[in-house]
Amino acid sequence: MLNYLWGFMILTGMLWGAANNNLEAVTQGLLDSAAEAVTLSITMVGILSFWSGVLEVGSQSGLIEWLAEKMEPILNFLFPDLEKNHPARLPIAVNMVANMLGLGMAATPAGLEAMKLLQKDERKNNQASNAMCCFLIINISSLQLIPISMIAYRSQYGSADPTAVLGPALLATGCSTLTAVIFCKLMELRKAVAEK
Amino acid sequence: MIQWISRILVPLIVSYIIGFGILSRRPVFDDFLTGAKEGIRTTVNILPTLVGLMTAVGVLRSSGFLDTLSNWLSVPATWLHLPAPLIPLTLIRLISNSAAIGLVLDIFTRYGPDSPMGMAASVMMSSTETVFYCISVYFGSVHVTKTRYVLPGALLATAAGVVASIVIAFL
């Protein structure tokens, strides 16, 4: 899917630029974006490795395990295929807790770890399992309870009440996550029916 | 109160984790270094994806294609009661977080962060994720190419978030 999408994006941009006699800007955009990606990665490497380090301290001391245990009922509901002692449970729980707190940078390494461990169950190696699909969809539905960066931007742009976004954001996040959960459950059901 | 919580959240979590580690008699700095090393490896693994995707978006944007697409979509957008400035934001939000933030700040400048438009943009950013970026990073890291129902599910959840943002902000 991504192979086509990526190819489509590049080719459309090039052709569109050529058709509008705009190729110089396209070349400039290409160079700028490539450089921006590297700059972003350099900024990320500091934050990401700091959070990974802090998370490692938390996981070695047993704190994260304790937190993940609290998530157990939610995980049982969302991932019925996952055995009780599956190694992916811990990073999934960590990823969700970090996402809720708005610590995106802490959530990503745990999420990638969870994907790697879920992948080991799959015999068809390039196909996503139910648990992988559900995990990713719920992740994308946004679990964030406190949009810290948005509050910061609002206050920077002279908002009289930057934190006014909290309540509406909570409500909207609830809507998107609920939709995601219902969708995943329906897909699971469909697969279960198809296998019968 | 909530502002205060936002301000202390990160220091609180960091010191809680480190404090807990010290009380559990862990070599906290050694543990930190192990994790930090892993974090650097993760970033390096993501970099090629990031370069590929951001470049593609950059090409699309600089060719003028994204603007034209927004113009085409402005007619169905009025049927859906989607305010015009939110169309490019909704589209870009699917692909790039930093580009979406750029558009949000543009909306803040033009309409003000406390206007319904500014509020809708803020809520939208808080209740959605960068769909294509997430799928490519998460599935790319484990070389999954058959993504099954992830894309429709993710787009549906995002649509729910967008609709909720607009309804809440403009009601």
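Quick notes
- Unique match (being at the interface with another protein chain (Cβ under 7 Å from one of its Cβ atoms) and within 24 Å of A:Ser142 (Cβ to Cβ)) among B:Pro83, B:Pro113: B:Pro113
- Answer from A:Ala93, A:Ala107, A:Ala68, A:Ala88 - the residue that is within 11 Å of another protein chain (Cβ to nearest Cβ) and surrounded by 15 or more Cβ atoms within 10 Å (Cβ to Cβ): A:Ala107
- Selection from the stretch B:127-142 of residues that are free of Cβ contacts under 8 Å to residues at least 24 places away in the same chain and either crowded, with 24+ Cβ neighbours inside 10 Å or part of a helix (DSSP H, G or I) (or both): B:Cys134, B:Ile135, B:Tyr138, B:Phe139
- Set side by side, the residues A:Gly7, A:Gly17, A:Gly13 differ, and just one is farther than 18 Å from B:Gly52 by Cα and in a helix (DSSP H, G or I), which is A:Gly17.
- For the stretch B:50-87, residues that are assigned to a helix (DSSP H, G or I), within 19 Å of A:Trp6 (Cα to Cα) and small (Gly, Ala, Ser) total 4.
- Of the criteria (1) closer than 22 Å to B:Ala157 by Cα; (2) modelled with pLDDT of 90 or more, which one A:Gly104 fails: (2)
- Options A:Leu112, A:Leu67: the member that is modelled with pLDDT of 90 or more, farther than 19 Å from A:Val181 by Cα and in a helix (DSSP H, G or I): A:Leu112
- Residue count for the stretch B:160-171, restricted to those that are surrounded by fewer than 22 Cβ atoms within 10 Å (Cβ to Cβ) and either modelled with pLDDT of 95 or more or within 8 Å of chain A (Cβ to nearest Cβ) (or both): 2
- Enumeration of residues in the stretch B:9-27 that are out of contact with any Leu (no Cβ under 8 Å at 6 or more places or on another chain) and closer than 17 Å to A:Ile151 by Cβ: B:Pro11, B:Leu12
- Hits in the stretch B:127-159 - residues which are more than 7 Å from chain A (Cβ to nearest Cβ) and farther than 26 Å from B:Thr42 by Cβ: B:Pro152, B:Leu155, B:Ala159
- Test: residue in the stretch A:141-164 that is under 12 Å from the mean Cα position of the chain (by Cα), closer than 18 Å to B:Val150 by Cα and free of Cβ contacts under 8 Å to residues at least 12 places away in the same chain: no
Residues are listed down the side, and each one gets a yes or a no for (1) of a type outside the set (S, T, N, Q); (2) at pLDDT 80 or above:
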residue	(1), (2)
B:Gln3	no, no
B:Arg7	yes, no
B:Ser15	no, yes
B:Ile18	yes, yes
B:Arg25	yes, yes
B:Phe32	yes, yes
B:Ala36	yes, yes
B:Leu47	yes, yes
B:Leu50	yes, no
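- Scan of the stretch B:109-126 for residues that are among the charged types (D, E, K, R) and assigned to a helix (DSSP H, G or I), ordered by number: B:Arg110
- Of residues in the stretch A:126-157 being more than 7 Å from chain B (Cβ to nearest Cβ) and not in a helix (DSSP H, G or I), the one surrounded by the most Cβ atoms within 10 Å (Cβ to Cβ): A:Leu143
- A:Pro80 passes every criterion in (1) loosely packed, with under 15 Cβ neighbours inside 10 Å; (2) free of Cβ contacts under 8 Å to residues at least 24 places away in the same chain apart from (2).
- For B:Ile95, the stated conditions do not hold, so it cannot be described as assigned by TED's automatic domain parsing to the domain that holds B:Val142, modelled with pLDDT of 80 or more and assigned to a helix (DSSP H, G or I).
The values are calculated or read from the model by the stated rules, or taken from the named source; none is laboratory data. Owing to the predicted nature of the structure, the values given are computational and were not obtained by experimental measurement. We place every Cβ from the backbone using ideal geometry, glycine too, and count neighbours over all the protein chains shown.
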